[in-house]
Each structure stands twice: as structure tokens, then as C-alpha cells.
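What follows is a set of notes on a single structure, which appears directly below.
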Amino acid sequence: MRVLVVGAGATGGYYGARLAEAGRDVTFLVRPRRAEMLAETGLVLESPLGDLHLASPATVTADTLAAAGAFDLVLLSCKAYDLGGALDDLAPAASAGTAILPILNGMAHLDALDARFGAGRVLGGSCAIAATRGPAGEIRHMSAFSTLTFGERDGTPSERCAAIAALMRDARFQARHSDKIVLEMWEKWVLLATLAGATTLMRGTIGDIVGAPGGRAFITGLHGECLAIAAASGFAPREAVAAQARATLTAEGSALTASMMRDLEGGGRIEADHIVGDLIARGQAAAPDTPRPHLDRVFTALKAYERRRARERAS
């Protein structure tokens, strides 16, 4: 099975590197500057599961992809704000038999992929990993936890999912096939929107927020609004999953933050529309008369940050 990994950043780079380490046929679709860097230094991965140096990872750029031949699987792991460009770039690789496995957060990317390539080519997917790009382009995996979950969106078994499971077997991450992948994507989205919303608005860890006056009530209120939107959309999280999320989101002394907060504090781009804005839009469509004051406040703050960032970069 030939695999095209779109991007060689923290997430795609990690999973692609681990697949290559396991002897799989992996090519990275990257921008020209990243291709030059990888040609010079290779792909460097630092991880508690074992460091890795791929001296000569296979790469293509958008202008050379068409000549690279057919791919069986496209692993899509870009940031949501880069999705439009990524779809244009990967299009030459998406033949009739190609499966596209996106591991972005939220759900809006599925609509974009379906419209561009057809729903039959697009799987559901989700990942959980703490990783970042270092200053020299190295990938820093910050915990032993790294999962990748995938499945057909209608829950049925398929030959291509069996092939993907075989592909990922023995790679140094936890791969899992799910017959409830869309529900699991919603469950992750509810948790992430709450975590990102609370930590970006309050500029603190979960422990900081829970320890502040009104902090626990704000987080539980925000989580409740996200749960209600999922339920109104037909994907109510399972009670055990929701209970575990509540415990995580209200743990005293927790150092947990969202990557969106780290991006915001670093002055970077954020996935405000994809993670929070789209959730609000789906809530308005499913239950237009239901108020969402916590989510609305979070979204206002995130969009204000984006406006400030744009103004400062233009000056």
C-alpha cells in the first residue's frame, strides 16, 4: 500500500515517520522549503517511544505529485486553516481507488473533502498526540501517548479499512479501527472545544481555571453547551465518555491546556472557525432557540484575537 502523508509537521510527520520506520511505502507531500530541509537533514523525531532519524525520506511537492504515480491512502493532517490549499495540492493523488484519511479536529473538513472528492473516498479519522515542531524542524513527541483511530463513516467493515489496519500494525503508535468513528470524532470535538475555549479565554491551565472563582462553573457550563449541540446533531456522546471528559476538564491542579492556547500565546494562527465557529453554527441549525452564552463569549474572544493579529501584522 502506497501512502501519501500531506505535510511533515508535528502530526503528519510523526505518524508518517513511524510508518516509514516500520518499512511501509511512505511519501510526504511538502512545500519546497520543507523538501529542501528534509533533503539536507532528514526527518528527525525525538520521542519517549524512541528517537528516529530518516536520513532520506521520500518527498514530493505539489508541482511534482502528478508524476509520482498512484497512492492507495492519503493521510491528511494539516491545520484547518490550510485545508483549502491542501485539497488543491493533494488532488493529483486522489484517484478513483484512493482512500483519504483525515485526522483533523472538528467535522467541517469532511464536508469540504466530500464536495471535492466524493464521500465514498473519505474515511473518518481522529488522532490524539502531543507533538510540536522544534526550531530546527525536528518533531518533538512529548508523551508516550499517540493514537490514530479510523473507520468507515457508516460503521461498516471494509477491505480498505482491513488493509489500513494491516498497514499500521507494528508501527510505534496505537492504531485502532472503529465502527463508531463519526461518534468518536464528535466526542473528541466536544472535549476539544471545551478545553480550547476555556483555556484560551482564561489564559490558564485547567487547574488555574478550576481554582479561580467561578472557573469550575464556567467550564461545566461550556461543556454542557457543547454536549447539547452534539446531542441535537444526532451524536450525543456516550455517558462514560462524557463523564471522563468532565473529570479531565475539572481536575484540580491540572496542567492541561489546549494547543490552540499555545498557538494564541505565541501569536500564531488558530482554528477558531473550525473548532468553535462551526460548532456554534451546527448548534444554531439543530436547535436555533437554544442559547449558548459560554460558546458565544469564547468565539468573540477568538475572533477578536484574529482581528488584532491581522491588524498588527499589517502595521
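Taking the numbered list (1) closer than 23 Å to Glu225 by Cβ; (2) loosely packed, with under 15 Cβ neighbours inside 10 Å; (3) small (Gly, Ala, Ser) in turn, Gly253 passes all entries but (1). Can you find a residue that is without any contact (Cβ under 8 Å) to a residue 24 or more places away in the chain and more than 24 Å from Gln284 (Cβ to Cβ) anywhere in the stretch 226-234? No, the stretch 226-234 contains no residue that is without any contact (Cβ under 8 Å) to a residue 24 or more places away in the chain and more than 24 Å from Gln284 (Cβ to Cβ).
In the stretch 264-305, the qualifying residues are those that are over 25 Å from Trp186 (Cα atoms) and under 22 Å from the mean Cα position of the chain (by Cα), and the one that is modelled with the lowest pLDDT is Gly266. Checked against the criterion of being basic (Lys, Arg) and over 24 Å from Gly84 (Cβ atoms), the candidates Arg292, Arg269 yield just one match: Arg292. The set of residues in the stretch 12-37 being small (Gly, Ala, Ser) and within 20 Å of the chain's Cα centre (by Cα) consists of Gly12, Gly13, Gly16, Ala17. May I ask you to list pairs of residues, at least six apart or on different chains, whose Cβ atoms are under 8 Å apart, with the first in the stretch 63-81 being in a loop (DSSP other than H, G, I, E, B) and the second being of a type in the set (S, T, N, Q) and surrounded by fewer than 14 Cβ atoms within 10 Å (Cβ to Cβ)? Pairs that qualify, where the first residue is in a loop (DSSP other than H, G, I, E, B) and the partner is of a type in the set (S, T, N, Q) and surrounded by fewer than 14 Cβ atoms within 10 Å (Cβ to Cβ), are Ala70/Ser95; Phe71/Ser95. Taking only pairs six or more apart or across chains, which ones have beta-carbon atoms under 6 Å, a first residue in the stretch 115-136 that is under 20 Å from Ile181 (Cβ atoms), and a second residue that is in a strand (DSSP E or B) and among the aromatic types (Phe, Trp, Tyr)? Pairs that qualify, where the first residue is under 20 Å from Ile181 (Cβ atoms) and the partner is in a strand (DSSP E or B) and among the aromatic types (Phe, Trp, Tyr), are Leu123/Phe150; Gly125/Phe150.
Results for (1) more than 26 Å from Ile181 (Cα to Cα); (2) touching a Gly at 6+ places or on another chain (Cβ under 7 Å); (3) at pLDDT below 95; (4) hydrophobic (A, V, I, L, M, F, W, C), shown as yes or no for each residue.
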site	(1), (2), (3), (4)
Leu201	yes, no, no, yes
Gly211	yes, no, no, no
Ala217	yes, no, no, yes
Thr220	no, no, no, no
His223	no, no, no, no
Cys226	no, no, no, yes
Phe235	no, no, no, yes
Glu239	no, no, no, no
Ala243	no, no, no, yes
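Looking only at residues of the stretch 29-55 that are over 18 Å from Ser146 (Cβ atoms) and among the hydrophobic types (A, V, I, L, M, F, W, C), we find that the one that is surrounded by the most Cβ atoms within 10 Å (Cβ to Cβ) is Leu29.
The residues in the stretch 100-128 that are under 15 Å from the mean Cα position of the chain (by Cα), in a strand (DSSP E or B) and surrounded by 20 or more Cβ atoms within 10 Å (Cβ to Cβ) can be counted, and the count is 7. For the stretch 47-55, indicate whether the set of residues that are closer than 23 Å to Asp25 by Cβ, of a type in the set (A, V, I, L, M) and in contact with a His (Cβ under 8 Å, 6 or more places away or on another chain) is non-empty. Scanning the stretch 47-55, I find at least one residue that is closer than 23 Å to Asp25 by Cβ, of a type in the set (A, V, I, L, M) and in contact with a His (Cβ under 8 Å, 6 or more places away or on another chain), so the answer is yes.
Considering the stretch 261-296, and only residues there that are among the acidic types (Asp, Glu) and under 12 Å from Ala196 (Cβ atoms), the residue that is surrounded by the fewest Cβ atoms within 10 Å (Cβ to Cβ) turns out to be Asp263. If you check Thr149, Thr194, Thr132 for being assigned to a helix (DSSP H, G or I), in contact with a helix residue (DSSP H, G or I) (Cβ under 8 Å, 6 or more places away or on another chain) and not small (Gly, Ala, Ser), only one passes: Thr194.
The one condition from (1) in contact with a Ser or Thr (Cβ under 8 Å, 6 or more places away or on another chain); (2) part of a strand (DSSP E or B) that Ala8 does not meet is (2).
The values are calculated or read from the model by the stated rules, or taken from the named source; none is laboratory data. All figures in this text were calculated on a predicted structure; none of them were measured in a lab. Cβ: placed from backbone, ideal geometry, glycine included. Neighbour counts: every protein chain shown.
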